[in-house]
Amino acid sequence: MIGLILITLGLGQLHAFSVAWVGAWLPDPFIVVAAYAALFWPAASLPFAALALGWSRGVLHTESAGAHVLCVWLALALVASQREAFERDKPSGQLFAALLAALAFCGSAWVLRASFGTPVTAGLPLLVGALCVLPCAGLLRRAGRTARRRL
Amino acid sequence: MGKNRWAGGAVAIACVLSLIGVGPVRSAEEWLAPALIPLDGLLTDLLPAQEDREWIDTLAEPAARAFHAHGKAVLGTVLAAATGRTTLLVPVLGADAEKHELLLAAPQGEAAGAGSAAVEPGAVVSCRGVLLGFVRELSADGLRASVSLLGLPSLRPVAAQWCAAPGGRAVEVLVSGSNAGPTESQRHTLHMGSASSRVVPVPGQLVSTRDVSALGDHLPAGLLLGAVGDRGTELHGGGWMDAGGTETPLVPLLDPYSQPLAALEVAPGSALTARATTARLSGSTAGATRLRLDVGSRRGVQRGDWVVQGHLFVGVVDVVAPFSSLLSVDVPRGALLVMSQAGEVVAADEARESWPSDWEPARGDLLATGSVFTGGLVAGRVAGLDGDGIVAQRLRPDPRLDVTVIGP
């Protein structure tokens, strides 16, 4: 969990820094970490993974961490429930998982904003960020194997 | 598995508490922020320069003028203090609608050379020449004054008068508060009674305090209390029901809860003391309406403190954790000043509902703000108008430069 937090914070800080130079459309790599957790994290402790990812993302975006945790939780639960349907070790399977997670995150963020008025940053950068899975496919596969051995 | 289920339930409850904005939960969320510091220091210094600095320097002087004019308007044209006392512009720190009270920053101790306490219980609190209430008590450290607002039934009656025409004979009355009924609109209302004449005032007639110093009450004369309210339905055939012998309701002229500044009766020579801390903004976290500071309660930062960068308004501290704090970039309600290119200053929020009638800002007008401790500050410019009100173009702070956190 600590690893998830540190990776999310580090990637998020680098993303925010890059956005200041490049522009707001820059792909958000957060969804890659979310896809990894959804595909390889033990199902029983998925709420803790959602807590780590959502809290870190909430802190990065200076928004309600609770709202982010709920969005991540829904995205992880949705992808994890279809885990066996994806070819987890293949880039295409990881890409579909990341896209599904991004769509679920954006949808739940929209619902929270509409119902509670709580802003949750989501949108195109997150959806485009799913493409970042492709160059990271090998890394995700190895990290997944490590996670399955240790957790 | 059972343990995980309980933990999952606890996480879900914490999420809901965070979602509805429970203060301690929002503060606890910030405990993760120190983990950002190692990379933040490195990345912030490498961020691109902000191009707004030139604008801020140009607009600093007009913003200072706008706040000075606004401060003078809040102090009012009538001296709202008894003989031997004076008025001081102070910030409103909070409000308690249930108790019908305001909390003001107060100068501490004895005023130099005055030989009396800077603020005394019963001191007059006003805004724009309108009497808001009286100081009920001071905090133990003397830095906060609780103010009971007019309308409380327990508050002292106020000697007042109304006059149909300038130079005419004034009708003397007593104004007191009441809780006429159980509904919110019937609580803390003002009424006038014990009139010296049976002449009935017309709706909208202004009522102000009168000089009764001969009776030992040193409440300054000429402070507005309210306007005479509507007397109800018109009778058949024209005319109004005779209000003689009954208490006449007064409509307040100001909403006391939306005023960020007030004029407080103090001993001459009294001054507020400010607390200031330098800090850095986090450059590697992104937020549309919030920014993060690298200092928190350990450095004395408190909720409601203002954050400035030179002459630029950056925000107001909203969430405080031990080692970091979050600030809202929105200008506090009632504190936005719109200055036209002709130099006219209007205190109006971005929403249309707060605008004076027959007034509309123009594209390019200066958006300024300020507090007693910071003076006038630049907030931005009017980029345009839409159905809701002002579309503001806010000037952004440079995260590579220090900011100052200022509070009472």
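The values are calculated or read from the model by the stated rules, or taken from the named source; none is laboratory data. The model shown is predicted, which means the values in this text are computed figures rather than measured ones. Using ideal geometry, Cβ is built from the backbone for each residue, glycine included, and neighbour counts are taken over all protein chains shown.
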Out of curiosity, is residue B:63 surrounded by 14 or more Cβ atoms within 10 Å (Cβ to Cβ), modelled with pLDDT under 90 and more than 14 Å from chain A (Cβ to nearest Cβ)? no
Positions within segment B:32-60 being within 15 Å of residue B:282 (Cα to Cα), in contact (Cβ under 8 Å) with a residue 24 or more places away in the chain and within 35 Å of the chain's Cα centre (by Cα), in sequence order: B:33, B:34, B:36, B:37, B:40, B:44, B:49, B:50
Test of understanding: among B:362, B:342, B:271, B:288, which residue is small (Gly, Ala, Ser), within 14 Å of another protein chain (Cβ to nearest Cβ), part of a loop (DSSP other than H, G, I, E, B) and surrounded by fewer than 16 Cβ atoms within 10 Å (Cβ to Cβ)? B:288
Exception for residue B:211 within (1) surrounded by 13 or more Cβ atoms within 10 Å (Cβ to Cβ); (2) touching a strand residue (DSSP E or B) at 6+ places or on another chain (Cβ under 6 Å); (3) farther than 20 Å from residue B:95 by Cβ falls at (2)
Can you find a residue in segment B:20-33 that is assigned to a helix (DSSP H, G or I), of a type in the set (S, T, N, Q) and at the interface with another protein chain (Cβ under 7 Å from one of its Cβ atoms)? no
Among (1) touching a residue at least 40 places away in the same chain (Cβ under 8 Å); (2) more than 19 Å from residue A:69 (Cα to Cα); (3) not in a helix (DSSP H, G or I), residue A:122 falls short only on (2)
Got a number for residues in segment B:8-19 being at the interface with another protein chain (Cβ under 7 Å from one of its Cβ atoms) and either among the aromatic types (Phe, Trp, Tyr) or more than 33 Å from the chain's Cα centre (by Cα) (or both)? 2
Restricting attention to segment A:22-39, report how many residues are under 12 Å from residue A:7 (Cα atoms) and either touching a Phe, Trp or Tyr at 6+ places or on another chain (Cβ under 6 Å) or assigned to a loop (DSSP other than H, G, I, E, B) (or both). 1
For the list (1) of a type in the set (D, E, K, R); (2) at pLDDT 90 or above; (3) within 17 Å of residue B:55 (Cβ to Cβ), I need the number of the one condition that residue B:398 fails. (2)
Give me the residue from segment A:107-128 that is crowded, with 18+ Cβ neighbours inside 10 Å and under 16 Å from the mean Cα position of the chain (by Cα) and, out of that set, nearest to the other protein chains (Cβ to nearest Cβ). A:121
From the option list B:277, B:209, single residue qualifying as at pLDDT 90 or above, under 25 Å from residue B:395 (Cβ atoms) and away from every other protein chain (no Cβ under 14 Å) is B:277
May I ask you to say which residue of B:154, B:146 is assigned to a strand (DSSP E or B), hydroxyl-bearing (Ser, Thr, Tyr) and within 28 Å of the chain's Cα centre (by Cα)? B:146
Sort out which residues of segment B:35-60 are assigned to a loop (DSSP other than H, G, I, E, B), at the interface with another protein chain (Cβ under 9 Å from one of its Cβ atoms) and either surrounded by fewer than 16 Cβ atoms within 10 Å (Cβ to Cβ) or of a type in the set (Ser, Thr, Tyr) (or both), and write them in order of number. B:46, B:48
Of all residues making up segment A:4-41, the number that are in contact with a Lys or Arg (Cβ under 7 Å, 6 or more places away or on another chain) and either among the hydroxyl-bearing types (Ser, Thr, Tyr) or under 18 Å from residue A:146 (Cα atoms) (or both): 3
Working carefully through the options B:330, B:318, find the one that is among the charged types (D, E, K, R) and part of a strand (DSSP E or B). B:318
Sort through A:11, A:26, A:46 and tell me the only one that's under 15 Å from residue A:79 (Cβ atoms) and either within 11 Å of chain B (Cβ to nearest Cβ) or surrounded by fewer than 20 Cβ atoms within 10 Å (Cβ to Cβ) (or both). A:46
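Every residue, every condition in (1) of a type in the set (Val, Ile, Thr); (2) away from every other protein chain (no Cβ under 14 Å); (3) in a loop (DSSP other than H, G, I, E, B); (4) over 25 Å from residue A:20 (Cα atoms), yes or no:
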position: A:58; (1), (2), (3), (4): no, no, no, no
position: A:69; (1), (2), (3), (4): yes, no, no, yes
position: A:76; (1), (2), (3), (4): no, no, no, yes
position: A:80; (1), (2), (3), (4): no, no, no, yes
position: A:130; (1), (2), (3), (4): no, yes, no, no
Residue identified as more than 27 Å from residue B:153 (Cβ to Cβ), in a loop (DSSP other than H, G, I, E, B) and modelled with pLDDT under 65 among B:244, B:232, B:237: B:237
How many residues, within segment B:61-107, are touching a residue at least 60 places away in the same chain (Cβ under 8 Å), among the basic types (Lys, Arg) and assigned to a loop (DSSP other than H, G, I, E, B)? 1
